[in-house]
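Trainee: Shown below is the structure under consideration.
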Amino acid sequence: MLKKAYIIDDDQITLYLTQLVFTLSTPETGLSGFESTHDALAQLEADVLAGNLPDLVLLDLNMPFMGGWEMLQKLEKHTAAFRAQGCRLYVLSSSVWEQDRTHSTTCPLVAGMLQKPFSQEQLEAIVKAAAPQDSYQSDGEPI
């Protein structure tokens, strides 16, 4: 179960649709949307200090002023905190560039790269991957 998630995307329509997927699929998740990487970075750094990182961060790559890759570089110093607090960060992008996919696999903070538009199936896969293994039966069905 996701208690808290951040969506970072400057496109209001994408932000709304991604939030809608969460609302319909996991209404118990506390969502915060950020249209600015500067605002999101400030919040994440405050969360690191407070020991209160979200369970999930979805980050768009193509953002104005400070792009997603630049934000990830600034966050790399907090990799240990992200891991210790169980925060998983996914790149959510419409990019089809192979170089973006390759770069996402080499960044220690990135758990994976997701293609826009964000879907209920993508959210279900993230939730299932994050669940403790003992909460599933041998056939993969939740207990």
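Trainee: Going by the conditions given, is residue 108 within 21 Å of residue 121 (Cα to Cα) and either touching a residue at least 60 places away in the same chain (Cβ under 8 Å) or part of a loop (DSSP other than H, G, I, E, B) (or both)?
Mentor: Working: within 21 Å of residue 121 (Cα to Cα): no; either touching a residue at least 60 places away in the same chain (Cβ under 8 Å) or part of a loop (DSSP other than H, G, I, E, B) (or both): yes.
Against the criterion (within 21 Å of residue 121 (Cα to Cα) and either touching a residue at least 60 places away in the same chain (Cβ under 8 Å) or part of a loop (DSSP other than H, G, I, E, B) (or both)), residue 108 does not qualify.
Trainee: Okay, next question. From the set of residues in region 20-70 that are among the hydrophobic types (A, V, I, L, M, F, W, C) and touching a residue at least 60 places away in the same chain (Cβ under 8 Å), which is nearest to residue 9 (Cα to Cα)?
Mentor: The first filter runs over region 20-70 and keeps only residues among the hydrophobic types (A, V, I, L, M, F, W, C), leaving 20-22, 24, 31, 34, 40-42, 44, 46, 48-50, 53, 56-59, 61, 63, 65-66, 69.
Pick out the ones that are also touching a residue at least 60 places away in the same chain (Cβ under 8 Å) and you get 21-22, 24, 56, 58.
Working: 21: 15, 22: 15, 24: 19, 56: 14, 58: 8 Å.
If we take residues in region 20-70 being among the hydrophobic types (A, V, I, L, M, F, W, C) and touching a residue at least 60 places away in the same chain (Cβ under 8 Å), then 58 is nearest to residue 9 (Cα to Cα).
Trainee: Please go through (1) buried (at least 16 other Cβ atoms within 10 Å of the Cβ); (2) in contact with a strand residue (DSSP E or B) (Cβ under 6 Å, 6 or more places away or on another chain); (3) among the hydroxyl-bearing types (Ser, Thr, Tyr) for residue 32 and return the number of the only condition it doesn't satisfy.
Mentor: Among (1) buried (at least 16 other Cβ atoms within 10 Å of the Cβ); (2) in contact with a strand residue (DSSP E or B) (Cβ under 6 Å, 6 or more places away or on another chain); (3) among the hydroxyl-bearing types (Ser, Thr, Tyr), residue 32 violates only (1).
Trainee: Something else now. As an exercise: evaluate residue 49 against (1) part of a helix (DSSP H, G or I); (2) within 14 Å of residue 6 (Cα to Cα) and give the number of the one condition it does not meet.
Mentor: Among (1) part of a helix (DSSP H, G or I); (2) within 14 Å of residue 6 (Cα to Cα), the lone unmet condition for residue 49 is (2).
Trainee: Kindly indicate which of 38, 103, 78 is modelled with pLDDT under 85 and not in a loop (DSSP other than H, G, I, E, B).
Mentor: Within the list 38, 103, 78, the selection yields 103.
Trainee: Another question, if that's okay. Looking at region 6-34, which of its residues are assigned to a loop (DSSP other than H, G, I, E, B) and either under 17 Å from residue 88 (Cα atoms) or small (Gly, Ala, Ser) (or both)?
Mentor: Looking only at region 6-34, we keep the residues that are assigned to a loop (DSSP other than H, G, I, E, B), and these are 9-11, 26-29.
Correct list: 9, 26, 29.
Trainee: Here is a follow-up. When the residues of region 52-75 are narrowed to those that are in a helix (DSSP H, G or I) and at pLDDT below 90, which ends up farthest from the chain's Cα centre (by Cα)? Steps first, answer last, please.
Mentor: Here is the first cut: in region 52-75, the residues in a helix (DSSP H, G or I) are 68-75.
With at pLDDT below 90 added as a condition, the list becomes 68-69.
Numbers: 68: 12, 69: 14 Å.
The extreme case among them is 69.
The values are calculated or read from the model by the stated rules, or taken from the named source; none is laboratory data. Predicted, not measured: the structure shown is a model, and the values here were computed from it. Virtual Cβ from ideal backbone geometry, glycine too; neighbours counted across all protein chains shown.
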